[in-house]
Every structure is written in structure tokens, then in C-alpha cells.
Amino acid sequence: MADILKAPRGTRDLVGSVLERFVEIESAARSLFIHYGYREIRTPLFEDRALFERSVGDATDIVKKELYRFEDRKGRPLALRPEGTAGVVRAYIENRLDADRPVARLWYAGAMFRYERPQGGRYRQFTQLGCELFGAGGVAADLEMIELACRLLERLDVPVELKINHLGSPEDRVGYAAMLKAWFGERHEALCGTCHERLERNPLRLLDCKVPACKAVAAQAPALVLGPAARHELDQLLRGLELSRIPCTVDPRLVRGLDYYTGMVFEVTSPQLGAQDAVLGGGRYDGLVEDLGGPRTPAVGFAIGLDRLAFLLEQKLGEAASVAPLVYVVAMGESAHLPASRVARLLRRLQEREALIRGARPAWIEQSLKDRSLRAQMKEADRLGASYVAIVGEDEVAADGVTMRCMASGEQFLVSLSGLGDNEAIEALSRALEKLTVARRQI
Ligand code: HAM
């Protein structure tokens with residue numbers, strides 16, 4: 001036997017209920033983002049390596065240690081995208097999206113790649129759902145971003161905590177970096193090799209080292225003291241969140257692991273996630289568009305880790321998460337195949353119509369395509385968790401009808417479709433399902 005190849009370390013196949021959660025979140029997000037005026041954007045999975053070095057920062061873990069770098073056949077230095085913001089900013093500049101509207105609102109969903117040590121909730125290929133808003137500085141835009149992120153989590157009804165901070169003005173940050181350099185310098189021997197480099201190149205990054213000993217030191221580090229302008233901005237934002245009834249806590253050591261942030265930053269965590277507890281993160285990055293060659297443009301955004309959010313949703317829904325057919329259509333004998341196909345088609349039409357009315361997706365109707373005994377087919381319906389079965393056997397073919405049966409109550413009756421056109425037959429099936437549902441509710 002040939003060796004079985006496995007998915008590369010840190011990657012996984014999305015199948016079954018995990019994928020269903022992904023799709024559910026994506027579709028909730030899509031409708032919410034459109035509702036807030038965001039337009040979708042899709043950027044390449046790989047970019048010029050320099051894009052990430054110049055945006056995320058060449059002293060960050062993401063670029064220094066975790067970037068999937070490669071050269072193509074012509075020797076061009078490229079990298080798989082570790083996050084979405086850099087590519088979206090590049091696309092915003094390259095496609096002159098600033099010319100479209102004074103404020104551009106964009107959203108994206110897709111795979112990101114980071115060479116991290118895989119563990120629960122941390123993958124080397126993972127999916128982010130993100131929003132970026134260009135062209136508006138100020139508290140109203142910050143508030144819109146946070147509200148949008150929280151609204152999605154609220155819709156999905158998963159318990160989370162919001163943490164906020166402000167990285168201060170450029171002067172505040174210069175002063176803070178000097179302060180951190182001196183403070184960590186005194187604790188030099190307690191730090192890892194990478195932190196020694198951070199101390200020289202980018203002291204702010206000392207606060208997001210993942211090595212436990214460094215983390216313990218960082219937890220004691222002095223917090224950033226905001227100047228009056230940044231303090232005012234943060235206070236305004238907190239007031240706005242209060243008015244929007246979004247509970248949050250200020251975490252003065254929240255600096256986020258990417259270099260492009262310039263003002264407000266936020267993160268949403270969940271205690272149910274263990275060590276990798278961040279569900280989403282974001283903030284303001286007013287310098288990035290200009291740094292990458294575009295016009296001076298304020299910007300703010302966030303990205304959700306879909307893998308982690310899907311896990312939370314799965315935890316919440318548990319058993320109820322499993323999707324099951326509404327009706328399983330059973331056919332017995334050669335002559336029943338075509339009549340059973342018609343019943344399945346009519347039931348699907350009925351569900352499409354109902355879904356349109358309810359604004360939901362049509363319920364699952366499955367036809368058994370295996371010529372097996374009634375017992376075997378009923379067993380399959382039960383295994384799938386079907387609510388109802390539609391049986392077409394010899395008797396039904398003779399009567400030009402279908403037996404509709406409720407799996408929970410065992411109640412069943414013949415529905416005649418004799419002489420009925422499609423629309424009338426759909427009505428007859430609809431009435432039958434209604435009757436079985438009413439009886440089922442009474443058990
Ligand atoms: P980030 O905090 O690096 O921010 O990532 C956002 C989210 O992606 C995290 O909160 C986490 O849920 C998820 N995530 C990150 N790494 C992994 C991983 N290895 N496995 C699974 N999930 C992961 C950004 O990427 C920024 N671009 C966010 C942003 C957008 N800021 C402004 N606009």
C-alpha cells in the first residue's frame with residue numbers, strides 16, 4: 001500500500017460541522033457588513049515580501065519569525081500573506097479607491113499564513129474576516145469599527161470581552177519607547193535573545209513576547225502615559241462605547257503585535273479559548289497608506305480569527321449545531337424512482353419558497369438514491385436525524401401519492417398527488433408537513 005500523505009503541520013481540512021460554522025459566520029458577517037456599507041475586496045494570497053516588512057514591521061514576530069517567504073522562478077522575493085490589512089492598503093492605493101468616495105469601507109475574508117508553533121486555536125493556515133475603513137479619522141470611525149465587530153459577535157451570541165487601549169501621539173510613543181528601553185535594559189538578563197534585539201530595534205515589541213519569562217517581566221512594565229490629545233480621544237471613545245452599551249475595559253499594556261498602529265487599539269478575547277484567547281484585534285493606523293506610497297489617509301480596521309470564532313460557536317451550539325434533513329425521501333422499487341424524484345423536487349421548491357419568506361436558507365431535503373429495503377432506508381433517515389420521511393413504495397405509486405411520516409411521533413398518512421399540477425402538489429405537501437408539525441409539537 002502506498003504511504004498516506006497528511007495535511008502539512010499546522011493546517012487542517014475544513015469538513016462537516018466545523019465548515020458549517022465557518023459558512024454560518026461568513027454569511028452573518030457578509031450581511032452585516034453590507035448593512036454597514038462595506039464592499040468586499042479580494043487580494044492575492046501572496047505579495048511582495050517588502051509589503052509586509054514595511055507595514056507589519058520587519059522587527060515584529062509576524063515578519064521576522066513567522067513569514068512564509070519564498071522566491072518564484074524568476075527569483076522575486078515574495079511571501080504568503082500573514083494578515084489582510086497590508087494587502088488591502090496596497091490594493092486601495094494601486095486601484096485608486098480613494099477616488100471613488102471620500103470614505104472607503106472594505107471587507108475581506110480569506111486564508112492567512114503564519115509559521116507559528118501549532119496548538120489549540122493556532123494554525124499555520126487560518127482564516128480571517130476583516131474590515132478596513134479609509135479616509136476618516138476621529139472617534140466616530142473608531143466607534144463604528146468596534147461596534148461593527150461587537151455587533152457580529154452579539155448576533156452569534158458568543159460570550160467575549162473587549163479590551164481597549166490608545167497608543168498615544170507619535171511623541172508619546174517616542175517617550176514610551178525610551179522609557180521601555182531603559183526599564184527592560186535593567187532586566188536584560190531575564191530576557192530572551194529576541195528581546196535583546198527588540199530592545200535595540202523596537203522596544204514596544206518587548207510587550208508582546210510570548211516567552212513565559214519575558215511575559216512575566218513585561219507584565220510589570222510601566223504603562224504608557226497618554227498626552228492630553230490622546231487622553232481626550234480615548235475618553236471620547238469610552239463615552240461613545242458607553243452610549244452604545246458596549247462594555248469594555250482599558251488595558252494600558254495592550255500594544256498589539258503589528259507596527260502600523262498609531263492610535264486606538266482593541267482586542268476581543270474569550271476565556272473559553274485557553275492560551276490563544278484573542279478572537280479579533282484591530283485599531284487605527286493613520287500612517288500606513290502614506291508609508292506605502294499613497295496619499296495621507298487616516299484608517300482603522302479589525303480582523304476576526306474565524307477558526308477561533310467557529311470554535312466558540314460550536315461550543316455554544318453543541319448538539320444543536322448538527323444540521324439534519326427536514327425530509328428524507330425514500331423510494332422502494334424501480335417504479336418508485338421517478339415519482340420519488342418528483343416528490344423531492346416539490347419539497348425543495350416548497351422549502352425555497354418558505355426560505356424566501358423567512359429570509360433563511362432552504363431546509364435540507366435529501367433523497368435516498370440507494371435501492372434498499374424500507375427498513376434500511378428508514379434507519380438511514382434516523383441516523384441523519386431527519387425530522388420527516390416521505391415514502392414512495394408500490395402502494396403510493398399505485399395511488400399516485402406519497403406517505404408522509406413524522407420520525408418522532410410515528411404518525412403517518414398518505415397524501416394524494418393524483419391529477420395535481422406542481423403548484424397544487426406543493427400546497428398538498430405543505431399542508432401535510434404543517435399537520436405533522438402541529439402533531440409533533442404536542443408530543
Ligand atoms: P491580529 O491580531 O494579528 O491582527 O489577527 C487577528 C486575529 O486573527 C486574531 O485575533 C486571531 O483570532 C486570528 N489569528 C491570528 N493568528 C492566528 C493563528 N495562527 N491561528 C488562528 N487564528 C489566528 C491582524 O491580523 C490585523 N490585520 C487586524 C487589523 C485589521 N488591524 C487593522 N485592520
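None of the figures in this text is laboratory data; all of them are computed from the coordinates on show. Everything numeric in this text was worked out from a predicted model, so none of it was measured. Using ideal geometry, Cβ is built from the backbone for each residue, glycine included, and neighbour counts are taken over all protein chains shown.
Restricting attention to region 98-112, which residues are more than 11 Å from the ligand (Cβ to nearest atom) and either in a strand (DSSP E or B) or in contact (Cβ under 8 Å) with a residue 60 or more places away in the chain (or both)? I'd like the intermediate steps shown before the answer.
We begin by selecting, within region 98-112, every residue more than 11 Å from the ligand (Cβ to nearest atom); these are 98-105, 109-110.
Once the filter is applied, which keeps residues that are more than 11 Å from the ligand (Cβ to nearest atom) and either in a strand (DSSP E or B) or in contact (Cβ under 8 Å) with a residue 60 or more places away in the chain (or both), region 98-112 yields Asp98, Ala104, Arg105, Ala109, Gly110.
Being over 30 Å from Ile41 (Cα atoms), touching a Gly at 6+ places or on another chain (Cβ under 9 Å) and more than 16 Å from the ligand (Cβ to nearest atom) is the requirement here; does Ala344 meet it? Steps first, answer last, please.
On the way: over 30 Å from Ile41 (Cα atoms): yes; touching a Gly at 6+ places or on another chain (Cβ under 9 Å): no; more than 16 Å from the ligand (Cβ to nearest atom): yes.
Judged against the criteria, Ala344 is not a match.
Which members of region 37-63 meet the condition of being in contact (Cβ under 8 Å) with a residue 60 or more places away in the chain and within 14 Å of the ligand (Cβ to nearest atom)?
Let us first name the residues in region 37-63 that are in contact (Cβ under 8 Å) with a residue 60 or more places away in the chain, namely 37-43, 45, 51, 54-57, 59-62.
Within region 37-63, Tyr38, Ile41, Thr43, Leu51, Ser55, Val56, Gly57, Thr60, Asp61, Ile62 meet the criteria.
Conditions first: (1) in a helix (DSSP H, G or I); (2) on the phi > 0 side of the Ramachandran plot. Phe311 passes all but one, so which condition is the exception?
Condition (2) is where Phe311 drops out.
Looking only at residues in region 281-333 that are closer than 22 Å to Ala109 by Cβ and among the acidic types (Asp, Glu), which one is surrounded by the fewest Cβ atoms within 10 Å (Cβ to Cβ)?
The extreme case among them is Glu314.
Take the residues in region 275-297 that are outside any helix (DSSP H, G or I) and touching a Lys or Arg at 6+ places or on another chain (Cβ under 7 Å), then tell me which one is farthest from Asp208 (Cα to Cα).
Step one: list which residues in region 275-297 are outside any helix (DSSP H, G or I), which gives 275-287, 292-297.
Pick out the ones that are also touching a Lys or Arg at 6+ places or on another chain (Cβ under 7 Å) and you get 276, 279, 281, 283, 292.
On the way: Gln276: 13, Val279: 17, Gly281: 14, Gly283: 16, Leu292: 25 Å.
Per the stated criteria, the residue is Leu292.
Report the residue count in region 239-274 for those that are within 9 Å of the ligand (Cβ to nearest atom) and of a type in the set (A, V, I, L, M).
The number of residues fulfilling the criteria is 4.
Filter region 113-138 down to the residues that are more than 11 Å from the chain's Cα centre (by Cα), surrounded by 22 or more Cβ atoms within 10 Å (Cβ to Cβ) and near the ligand (Cβ under 10 Å from one of its atoms) and list them by number. Before the answer, list the steps.
As a first pass, look at region 113-138 and keep what is more than 11 Å from the chain's Cα centre (by Cα): 113-125, 131-138.
Filter again for surrounded by 22 or more Cβ atoms within 10 Å (Cβ to Cβ), leaving 123, 131-134.
Tyr123, Cys131, Glu132, Leu133, listed by residue number.
Considering Leu226, Leu254, Leu238, Leu207, which residue is part of a helix (DSSP H, G or I), in contact with a strand residue (DSSP E or B) (Cβ under 8 Å, 6 or more places away or on another chain), of a type in the set (A, V, I, L, M) and touching a residue at least 40 places away in the same chain (Cβ under 8 Å)? Show your work before the answer.
On the way: Leu226 fails: part of a helix (DSSP H, G or I); Leu254 fails: part of a helix (DSSP H, G or I); Leu207 fails: in contact with a strand residue (DSSP E or B) (Cβ under 8 Å, 6 or more places away or on another chain).
Exactly one residue qualifies, and that residue is Leu238.
For region 116-157, which residues satisfy the criterion of being farther than 24 Å from Arg284 by Cα and among the small types (Gly, Ala, Ser)? Even if it seems obvious, please write down each step before you answer.
First, pick out the residues of region 116-157 that are farther than 24 Å from Arg284 by Cα: 116-125, 155-157.
Scanning region 116-157 gives Gly120, Gly121.
From the list Asp277, Asp235, exactly one residue is within 16 Å of the ligand (Cβ to nearest atom) and surrounded by fewer than 20 Cβ atoms within 10 Å (Cβ to Cβ). Which is it?
Values: Asp235 fails: within 16 Å of the ligand (Cβ to nearest atom).
Sole residue among the options that is within 16 Å of the ligand (Cβ to nearest atom) and surrounded by fewer than 20 Cβ atoms within 10 Å (Cβ to Cβ): Asp277.
Give me the pairs: first residue in region 276-290 and free of Cβ contacts under 8 Å to residues at least 24 places away in the same chain and more than 29 Å from Gln119 (Cα to Cα), second residue of a type in the set (D, E, K, R) and more than 9 Å from the ligand (Cβ to nearest atom), beta-carbon distance under 9 Å, and six or more apart or on different chains, which are they?
Glu290/Arg296
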